[in-house]
Amino acid sequence: MDGDCGSLMGEDGRMESPNEAALLALMENTGYSMVQENGQRKFGGPPPGWEGPPPPRGCEVFVGKIPRDMYEDELVPVFERAGRIYEFRLMMEFSGENRGYAFVMYTTREAAQRSIHLLDNHEIRPGKFIGVCVSLDNCRLFIGSIPKDKMKEEILVEMRKVTEGVVDVIVYPSSTDKTKNRGFAFVEYDSHKAAAMARRKLIPGTFQLWGYTIQVDWAEPEKDVDEETMLRVRVLYVRNLMMTTTEETLRQEFSRFKPGTVERVKKLTDYAFVHYHSREDAVTALHLMNGALIDGATVEVTLAKPVSKEGGRRFSNRGYVGNGNLVGPYGDASSTGGFLFQGREDGGMMGGGGGGMDGGTPLRPLSLPPRLGSLYVGTGTGDVERCVFPFFAGSSLSPASLLSLKPGQFSSAVTLLEYYCYKNSWALPEYYLYSTPGQEGKLLLIYKVVISSTRSSFMPDKVCTVLEDAKELAAQNALWNLDCSYLNGSS
């Protein structure tokens, strides 16, 4: 955390809290200890009489939107309804108020899941609703804007030189040139603390690797799928394919051991999903095909992870996945039953699952102006003149580029921002996608725009429910901050 609020007990032995009598009573009634340090107050961890290691992964939940003047004496009894608490960590300000969020670790995963069902959107006080979701200790960082000619071993060595606790590096080969990476990597650390320390050290804009300014943030945590569900999966996720590899080739290769076993194949760019008629055949193919050579590329094969249907839309590291879809272990999505918005090769649509938003700031629905009337379109000349004319066979056609057009011919801020970058000989803008849970279970989206040529990044102050609106808003915000000359009609 950012600061050290000291211990719960003052130098004279008295408890330092605006509600000290209630907290003392809570400790006496429960037998739990309480200590305040490093900007957080820990209740328990372990509880009285606990023996053995801490609870396993998946037992902790994140609680947001807590009233700033609410403390453990009110919160703990509420969360005890779901099960026995191992540890309750309330984030604290120097002023003595809480920061609006907390982490509750239960002794079992069942209790953690129960607390989400019981207490998410629970009215903790009149008109005050808290948010509760699963909390995972993220040990993985996203590192963007790295040279595309660097191999996994080189990145691993370099990251171990500058940070501690590096366990592994995950690198995606380019879909068009397997000898190069995609301009980003995921670095796995041995603990959340090691990852957090590395993230703090690798501050974007101040740290360079191989002479390049890198982008660093939390990677989106992998979604846990219960063991019972995984035992029923009969779909394989296949990655590192050549762009030229066809679905028919995959069908032949993955049914070679037993013709007719493959139900269907869905290939998207350099990865695919292979559906089998039976679970047994899928497992057999997994063992036979992992590491196989297809069209000159060594493929990686794993079982696909089903996406929970409870959350409606969700976003992975590489795009939007509709209900009922399947994802690979790296977030790739099948388009069966939904839609896919593919991310950029250089690390666009990055996950941001490292922490929660300020629980004291409620999120508001955003009303975007209609695109046809956007003030970013045709500024200085009124709205865009949108006309449709007949196209006659035999009409002469000439190749066109963005630079040959006028700003008034663009109806989107995303395109206008690209035009502005072209005009200034800058690299194209990079979009990084983040999400945060909103009220009524809605997933709220926001893009960060990075202009690497100017070493600048921009993020709007509003979130959206629709992916395209979030990107349009981010581009509009970047144009404003760049003080684009097209906005005031001087170009």
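The values are calculated or read from the model by the stated rules, or taken from the named source; none is laboratory data. Nothing here was measured: the structure is a model prediction, and the numbers come from that model. Quick reminder, even Gly has a Cβ in these numbers, built from the backbone with ideal geometry, and neighbours come from all protein chains shown. Surface accessibility is based on the protein's heavy atoms, side chains included, excluding ligands, DNA and RNA. Shrake-Rupley method; radii C 1.70, N 1.55, O 1.52, S 1.80 Å.
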Here are the criteria: (1) at pLDDT 90 or above; (2) under 30 Å from residue 76 (Cβ atoms); (3) in contact with a strand residue (DSSP E or B) (Cβ under 8 Å, 6 or more places away or on another chain). Tell me which single one residue 156 does not satisfy. (2)
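Looking only at residues in segment 402-429 that are under 24 Å from residue 216 (Cβ atoms) and touching a helix residue (DSSP H, G or I) at 6+ places or on another chain (Cβ under 7 Å), which one is surrounded by the most Cβ atoms within 10 Å (Cβ to Cβ)?
Going residue by residue through segment 402-429, those that are under 24 Å from residue 216 (Cβ atoms) are 417, 421, 426-429.
Going one step further and asking which of them are touching a helix residue (DSSP H, G or I) at 6+ places or on another chain (Cβ under 7 Å), we end up with 417, 426-429.
Numbers: 417: 28, 426: 15, 427: 13, 428: 14, 429: 24.
Ranking the qualifying residues of segment 402-429, first place goes to 417.
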Conditions: (1) open to solvent by less than 30 Å² (accessible area, probe 1.4 Å); (2) in contact with a helix residue (DSSP H, G or I) (Cβ under 8 Å, 6 or more places away or on another chain); (3) in a loop (DSSP other than H, G, I, E, B). Residue 90 meets all but one. Number of the miss? (3)
Quick test of your reading of the structure: residue 166 fulfils all but one of (1) out of contact with any Gly (no Cβ under 6 Å at 6 or more places or on another chain); (2) under 30 Å from residue 86 (Cα atoms); (3) open to solvent by less than 30 Å² (accessible area, probe 1.4 Å); (4) touching a residue at least 40 places away in the same chain (Cβ under 8 Å). Name the failing condition by number. (4)
Restricting the first residue to segment 170-184 and requiring it to be free of Cβ contacts under 8 Å to residues at least 40 places away in the same chain, which pairs with a second residue that is surrounded by 16 or more Cβ atoms within 10 Å (Cβ to Cβ) and among the β-branched types (Val, Ile, Thr) meet a Cβ separation below 7 Å and a spacing of at least six or different chains? 171/155; 181/171
Top-ranked residue in segment 150-163 [being hydrophobic (A, V, I, L, M, F, W, C) and open to solvent by less than 20 Å² (accessible area, probe 1.4 Å); ranked as nearest to residue 56 (Cα to Cα)]: 159
Restricting attention to segment 103-149, report how many residues are assigned to a strand (DSSP E or B), open to solvent by less than 10 Å² (accessible area, probe 1.4 Å), among the hydrophobic types (A, V, I, L, M, F, W, C) and closer than 30 Å to residue 168 by Cα. 4
Of the residues that make up segment 190-208, is at least one modelled with pLDDT under 90 and more than 24 Å from the chain's Cα centre (by Cα)? no
When residue 97 is evaluated against the numbered criteria (1) over 21 Å from residue 27 (Cβ atoms); (2) in contact (Cβ under 8 Å) with a residue 12 or more places away in the chain, which criterion, by number, is the only one it fails? (1)
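Across segment 43-71, which residue is surrounded by the fewest Cβ atoms within 10 Å (Cβ to Cβ) among those that are among the charged types (D, E, K, R) and farther than 22 Å from residue 114 by Cβ? Show your work before the answer.
Our first condition is that a residue be among the charged types (D, E, K, R); within segment 43-71, this holds for 51, 57, 60, 65, 68-69.
Right, trim to farther than 22 Å from residue 114 by Cβ and you get 51, 68-69.
Working: 51: 5, 68: 14, 69: 12.
Going through the qualifying residues, I end up with 51.
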Where the second residue is of a type in the set (Asp, Glu) and open to solvent by less than 40 Å² (accessible area, probe 1.4 Å) and the first is within 18 Å of residue 60 (Cβ to Cβ) and lies in segment 186-200, which pairs have Cβ atoms under 8 Å and are six or more apart or on separate chains? none
Test of understanding: among 93, 97, which residue is out of contact with any Asp or Glu (no Cβ under 7 Å at 6 or more places or on another chain), under 22 Å from residue 131 (Cβ atoms) and not basic (Lys, Arg)? 93
